[in-house]
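No value in this document is a laboratory result; all are computed from the given coordinates. It should be emphasised that the depicted structure is a prediction, and the values quoted were computed from it without experimental measurement. Here the Cβ is made from the backbone with ideal geometry for all residues, glycine too, and neighbour counts use every protein chain on show.
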Amino acid sequence: MQDRGWWLGAALSGALVVMAGAFGAHALEGQLAPRLVAAFETGVRYQAWHTLALLAVLAWRAATPLAGQRLAMGLWAAGMGLFSGSLYAMALSGSGGLGMITPVGGVLLIAGWLALAGAVLRAPRR
């Protein structure tokens, strides 16, 4: 199977999204300040969307491999780790010190979308 590691990573990320969403909805509600719960939920949403994007690009890549697809996936994976991960950690620890990492993750997520756009622009037309 091509890209087996990517498929596995996307599947595990999807499982983590469901677990984090359930944890946020059932364990954190009422335990944390509303702004911290909102930050946690933002991390879940961004991870969910980018996990779906990873799966879509993997499916597309199986049919039409293009230069730049792997770059986009790598940027998204790193971006999810930094963006969502820092929001999860910030919400659970109550520490704003991790807040400086969040924008770096956001920039990586944006860069992933731009890398994907570049892959499309460089792809041969049919």
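Brief remarks on what is shown
- Choice from 63, 115, 72 with maximal GNM fluctuation in the chain (Cα, 10 Å cutoff): 63
- Computed per residue of the chain from DSSP H runs no shorter than four, each worth -39500 (n - 2.57), the mean residue ellipticity at 222 nm is -27000 deg cm²/dmol.
- If you run the Gaussian network model on the chain, springs between alpha carbon atoms under 10 Å, then out of 79, 14, 96 the most flexible one is 96.
- Footprinting exposure proxy ranking of 13, 84, fewest other C-beta atoms within 10 angstrom first, gives 13, 84.
- Separation between Cα centres of segment 53-79 and segment 13-36, rounded to whole Å: 27 Å
- Exposure proxy ranking for 42, 102, 64, based on other Cβ atoms within 10 angstrom of each Cβ and starting from the fewest, stands as 64, 42, 102.
- Helix 102-122 axis, angle to the chain major axis (alpha carbon atoms, nearest 10°): 20 degrees
- The share of alpha-carbon pairs in the chain lying farther apart than 26 Å comes to 27%.
- Exposure proxy order (Cβ contacts within 10 Å, fewest to most) of 107, 18: 18, 107
- In the elastic network of the chain, a GNM with C-alpha springs shorter than 10 Å, the most mobile of 68, 97, 112 is 97.
- For segment 4-122, relative contact order (Cα pairs under 8 Å, six or more residues apart, normalised by length) works out to 28 percent.
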